[in-house]
Amino acid sequence: MIRQTITAGITMGLTVFGLWYYLNSYICMNERHARDLILLLFVFIQNFHVFNARSERVSAFRVPIKRNIMLVFGVILAQGVHIASMQIPFMQNILHIEPVTFNEYVLILTLAVPTILVMELFKFINNRSRRSGSDMNKQ
């Protein structure tokens, strides 16, 4: 589990740092708006990763959603609250955030996906090496 946590953390960190570097170095985006995009990316990554974390060995796509319907509702609620707070002027003032454009939203959503892919690959490789190890022990 430690290796899995480190792998997830490195993947998330590199993704977020990569976006921050890109927004500041190539786009020269306003720092406040760049922070809003980074926060949204963190929220998406965590909301996606929670489905990976339901099992150490089984693919997130093979664990039935019905097993933890409260998790699904929690993720939808958390994402909804974050998006709503970016759109409601009262919340924008309290949290010092601003809305993102549709294109930015799609970009952030796309950048959150690699965490799922890396962790699925990690599980696949880990399961394969575990099976190979148990096959060698049988011989």
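Name the one entry in I83, I45, I2, I97 that is among the aliphatic types (A, V, I, L, M), in contact (Cβ under 8 Å) with a residue 60 or more places away in the chain and under 24 Å from L117 (Cβ atoms).
Of the residues listed, the single one that is among the aliphatic types (A, V, I, L, M), in contact (Cβ under 8 Å) with a residue 60 or more places away in the chain and under 24 Å from L117 (Cβ atoms) is I45.
So which residues in the stretch 89-117 are charged (D, E, K, R) and within 20 Å of the chain's Cα centre (by Cα)?
Selection gives E104 alone.
Among the listed residues S59, S85, S55, which satisfies the condition of being surrounded by 12 or more Cβ atoms within 10 Å (Cβ to Cβ), assigned to a helix (DSSP H, G or I) and over 15 Å from the mean Cα position of the chain (by Cα)?
S85
Residues in the stretch 103-117: is at least one free of Cβ contacts under 8 Å to residues at least 12 places away in the same chain and more than 20 Å from G13 (Cα to Cα)?
yes
Each value in this text was obtained by applying a stated rule to the coordinates, not by laboratory testing. A quick note: this is a predicted structure, and the numbers were derived from the prediction, not measured. Cβ: placed from backbone, ideal geometry, glycine included. Neighbour counts: every protein chain shown.
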